[in-house]
Amino acid sequence: MSISQLARSIAESPTFALNEEARILRERGEPVVNMGIGEPKNKAPITAILSSAAKLNTGDIKYTPPDGTPSLKKAIIRYTEENYDKIVAPENVIVSYGAKQSLFNILFTIINPQDEVIILAPYWVSYPEIVKMVYGIPVIVTPEDGTFHPRMEDVEQAVSSYTKAIIVNSPNNPSGMVYSQEFISQIVDFCERKKIYLIMDDIYHKLVFDGKQALPAYKFTNKDLESSMIIVVNGVSKLYGMTGFRVGWVIAPRKIVEVMNNVQAQTTSCTSVVLQAAAEGALTGMQSVVESLRLSFENNRNVIMQELRSFSGLRVIKPQGTFYVLPDFRAYSNNSVELSKFILDKARVVTVPGKEFGMEGHLRLSFAGSVKDIMTGIERIKWALDPNSPNEIYIGDRKLIRDWL
Ligand code: PMP
């Protein structure tokens, strides 16, 4: 069978693959703890359910404009005004099937073959693959060992005449790092001067802990939206725990949105009107759901940090946001793929190898699950790896004895 070179070069999504492995194991009755996928466990906000159900009940389920329904766009404009202190026009907004499609559309719209896109490690697994899908070249900037914060001088060094865009994701998946205001202000200034697009993946922007805030990039420019290089991506997946609704959006200069609109019209046509209604319901409903999600993740972060602190040999940087932590497991193995597999085999805990995020030797653990999942998951990983932990454990109703350390 003939498969295109490009399609063949696209890696499988490790998080979805691991999720599937966990599902199969669970179906076989294995007591798997899934610390792999980044997905809040809450039910969708009631206003989202009611709004999409009301739309369904009309039976009038048709195409919408490619860039989204006027009423959802209005809700996004209000959200942007309230949370970004930025007034944008409907022509600056385009709704897509999740932030993932938003990112694809942006890159498809701005990248010529061989253009370079700078990605800051540790990075979300999909960035390099999406860049490759539009015939661009991902250029990875790695932080100093022992930190997850990029340095501006490294970014500047990685820029060439082919650099078209830089993707910034803060709060960051997979590290939970919130980049400093100084860094954001420097990178905004740099991109505006060099005419490089700055794609801000703000999907976790409200999930920040310890009373901190992730300030919008707009705060650091005095250019108006039409002449600015800033493009913002957001969505309902993490904000409201609505991953399955697949609604994301982009705020960008009109010229970009106009072309993205054509791209979308020729591909998905539009995002489903039922799902757009759900997103609108969430955005216009009680916003206390966001704060209660944030609080539960902050609590989970505290629990996982406490559990990880008593784990010999591990180096952990405390996440300041998101629902991920990226401990350094090099005291146990330099090969995160093998280590993750070992942990799944022995302890039935799903983790994601740091290699997938450009951070070999680390494992990403999601703390989006319950406190019980976190405690059980870490206890099992400790049992599998840490000789200082008790060598007997119950996994489900099986008592297991560690005989490999
Ligand atoms: N960006 C980042 C950094 C993410 O972690 C995710 C989801 N894992 C997305 C984008 C995509 O979100 P969506 O569900 O809206 O496609």
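The values are calculated or read from the model by the stated rules, or taken from the named source; none is laboratory data. Worth saying up front: this structure is predicted, and the values here are computed from it rather than measured. Virtual Cβ from ideal backbone geometry, glycine too; neighbours counted across all protein chains shown. The protein model used for the area step is the full one, side chains on, heavy atoms only, and it has no ligands, DNA or RNA in it. Shrake-Rupley method; radii C 1.70, N 1.55, O 1.52, S 1.80 Å.
Just how far, in whole angstrom, is the range 1-67 from the range 203-255 if you go by their alpha carbon centroids? Centre-to-centre (Cα) distance: 22 Å. Taking the range 243-260 and a reference point 7 angstrom along Cα→Cβ of Ile87, the backbone N atoms nearer than 18 Å belong to 252-254. Specify the angular offset, from 0 to 90 degrees and rounded to the nearest 10, of the alpha carbon long axis of helix 14-27 from the longest principal axis of the alpha carbons in the chain. It works out to around 50 degrees.
Is the C-alpha gyration tensor of the range 319-401 telling us rounded, prolate or oblate? Criteria: a/c under 1.5 is rounded; beyond that, a/b larger than b/c is prolate, otherwise oblate. The shape class here is oblate. FRET efficiency for the Lys219 to Ile3 pair, using the beta carbon distance and R₀ = 35 Å, is estimated at 0.15. What the Cβ-Cβ distance of Lys74 and Glu182 gives, at R0 = 41 Å and to the nearest 0.05, is a FRET efficiency of 0.70.
Applied to the range 57-74, the Karplus parametrisation 6.51 cos²θ - 1.76 cosθ + 1.60 on θ = phi - 60° returns per-residue 3J(HN,Hα) values of 4, 5, x, 9, 10, 10, 4, 10, x, x, 8, x, 6, x, 6, 5, 4, 4 Hz, with x for Gly and Pro. When nucleic acids and ligands are ignored and a 1.4 Å probe is applied, Lys212 ends up with an accessible area of around 110 Å². Estimated at the nearest 10 Å², the accessible area of Trp124 is 50 Å² with a 1.4 Å probe. Quick one: how many Å² of Lys223 are accessible to a 1.4 Å probe, rounded to 10? Its accessible surface works out to 80 Å², give or take rounding.
Near Thr163, the amide H atoms lying under 5 Å from its own belong to Glu116; only residues 5 or more places off or on other chains count, and H is placed 1.01 Å from N. Helix 336-347 against the longest principal axis of the chain: what's the angle in degrees, Cα atoms only, rounded to the nearest 10? Approximately 60 degrees, to the nearest ten. Among beta bridges from DSSP that stay inside the chain, the antiparallel ones total about 50%.
How much of the pair distance distribution for the range 14-161 lies past 20 Å, counting alpha-carbon pairs only, in percent? For the range 14-161, the share of Cα pairs beyond 20 Å comes to 70 percent. Amide H contacts of Arg364 (H built 1.01 Å from N, in plane; Pro and chain starts excluded): Val352, Gly354 sit under 5 Å, all sequence-distant by 5 or more or on other chains.
Phi angles of the range 280-293 translate, via the Karplus equation with coefficients 6.51, -1.76, 1.60 and θ = phi - 60°, into HN-Hα couplings of 5, x, 5, 5, 9, x, 4, 7, 5, 4, 5, 5, 6, 5 Hz per residue; Gly and Pro are given as x. What the phi angles of the range 310-324 give under the Karplus curve with 6.51, -1.76 and 1.60, with θ = phi - 60°, is a coupling list of 8, 9, 5, x, 7, 10, 10, 9, 5, x, 9, x, 6, 9, 10 Hz, glycine and proline written as x. Counting every C-alpha pair in the range 245-304, the share spaced more than 16 angstrom apart comes to 65%.
Pairs of C-alpha atoms in the range 168-210 farther apart than 14 Å represent 50 percent of all such pairs. Ordered by 1.4 Å accessible area with all protein chains kept, Leu56, Leu25, Leu275 run largest first as Leu56, Leu275, Leu25. Full extension of the chain between Tyr135 and Thr268 yields a length gain of 45.8 nm, computed as 0.36 nm times the residue separation minus the alpha carbon distance. Shown here for the range 104-169: GluC sites (Glu not before Pro) in loop regions (DSSP other than H, G, I, E, B) with at most 12 other Cβ atoms within 10 Å, namely Glu144.
Indicate the gyration tensor shape class of the range 82-232 (rounded, prolate or oblate), computed on the Cα atoms with a ≥ b ≥ c the square roots of the eigenvalues: a/c under 1.5 is rounded; otherwise a/b larger than b/c is prolate and the rest oblate. Rounded shape, in that the Cα axes give a/c under 1.5. Here Lys194 is the anchor, and the lysines within straight C-alpha reach of less than 28 Å, apart from those fewer than 8 places off in the same chain, are Lys86, Lys100, Lys132, Lys164, Lys219, Lys223, Lys255.
Under 5 Å from the amide H of Ile395 lie the amide H atoms of Leu400, each residue being 5 or more positions distant or on a separate chain, with H modelled from the backbone and absent for Pro and chain starts. Of all lysines in the structure, those lying under 16 Å Cα to Cα from Lys355, and not within fewer than 8 positions of it along the same chain, are Lys341. Once Rh is set to the Kirkwood radius over Cα pairs, what Stokes-Einstein translational diffusion coefficient, in µm²/s, holds for the chain at a temperature of 37 °C and a viscosity of 0.692 mPa s? Approximately 149 µm²/s, per Stokes-Einstein.
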